[in-house]
Amino acid sequence: QVQLVESGGGLVQPGGSLTLSCAASGNIYSAYTMAWYRQAPGKWRELVASDPSDGSIYYADSVKGRFTISRDNAKNTVYLQMNSPTPEDTAVYYCFALVQGVSYWGQGTQVTVSS
């Protein structure tokens, strides 16, 4: 079993910055995928960024150049640095991990971009 605990959500002004963190615990091995998804009201959950640990990082077009995913394997933690957010980035952000073919989700953290 793997547990994911997110933190760092909240209210941020347009053009500001915010960093989300997700700490994984349990049966974690170094070669696993971690990612961030988000779901806005009335919309499907969408992939924001993923890091499969082999260097092939993916970003959704809507966040490319503004958001950065990074990970600290020693701490089993993945981060999402959000720069220059816009109101369209308002959503519940979910941490995701794929460990030995099994998917795990965090509980979600609300990010609201508003002045």
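Odds and ends about this structure:
- Inter-residue pairs, beta-carbon under 6 Å, first touching a residue at least 40 places away in the same chain (Cβ under 8 Å) and in segment 55-81, second open to solvent by 20 Å² or more (accessible area, probe 1.4 Å) and assigned to a loop (DSSP other than H, G, I, E, B), 6+ apart: 73/30; 76/28
- Selection within segment 1-48: residues that are open to solvent by less than 80 Å² (accessible area, probe 1.4 Å), out of contact with any Pro (no Cβ under 9 Å at 6 or more places or on another chain) and not in a strand (DSSP E or B). The member of this set that is nearest to residue 109 (Cα to Cα) is 9.
- Entry remark, segment 63-83: residues being surrounded by 13 or more Cβ atoms within 10 Å (Cβ to Cβ) and either modelled with pLDDT of 95 or more or under 13 Å from the mean Cα position of the chain (by Cα) (or both) number 14 in total.
- Of all residues in segment 102-115, those being more than 14 Å from the chain's Cα centre (by Cα) and outside any strand (DSSP E or B) number 2.
- Taking segment 49-101 as the range and being hydroxyl-bearing (Ser, Thr, Tyr) and assigned to a strand (DSSP E or B) as the test, the residues that pass are 50, 58, 59, 68, 70, 77, 79, 93, 94.
- Residue 108 vs. criteria open to solvent by less than 50 Å² (accessible area, probe 1.4 Å) and either closer than 18 Å to residue 33 by Cα or modelled with pLDDT under 95 (or both): yes
- Residues (more than 18 Å from residue 108 (Cβ to Cβ), within 15 Å of the chain's Cα centre (by Cα) and of a type in the set (Ser, Thr, Tyr)) located in segment 49-62: 53, 58, 59, 62
- Single residue of segment 49-62 satisfying the filter (within 20 Å of residue 5 (Cα to Cα) and not charged (D, E, K, R)) that is least open to solvent (accessible area, probe 1.4 Å): 49
- Scanning segment 43-62 for residues that are of a type outside the set (Val, Ile, Thr) and at pLDDT 95 or above returns 43, 44, 45, 46, 47, 49, 50, 58, 59, 60, 61, 62.
The values are calculated or read from the model by the stated rules, or taken from the named source; none is laboratory data. Nothing here was measured: the structure is a model prediction, and the numbers come from that model. As a convention, Cβ positions derive from the backbone with ideal geometry for all residues, glycine included, and neighbour counts pool all protein chains shown. Note: areas computed on protein heavy atoms with side chains; ligands, DNA, RNA excluded. Shrake-Rupley method; radii C 1.70, N 1.55, O 1.52, S 1.80 Å.
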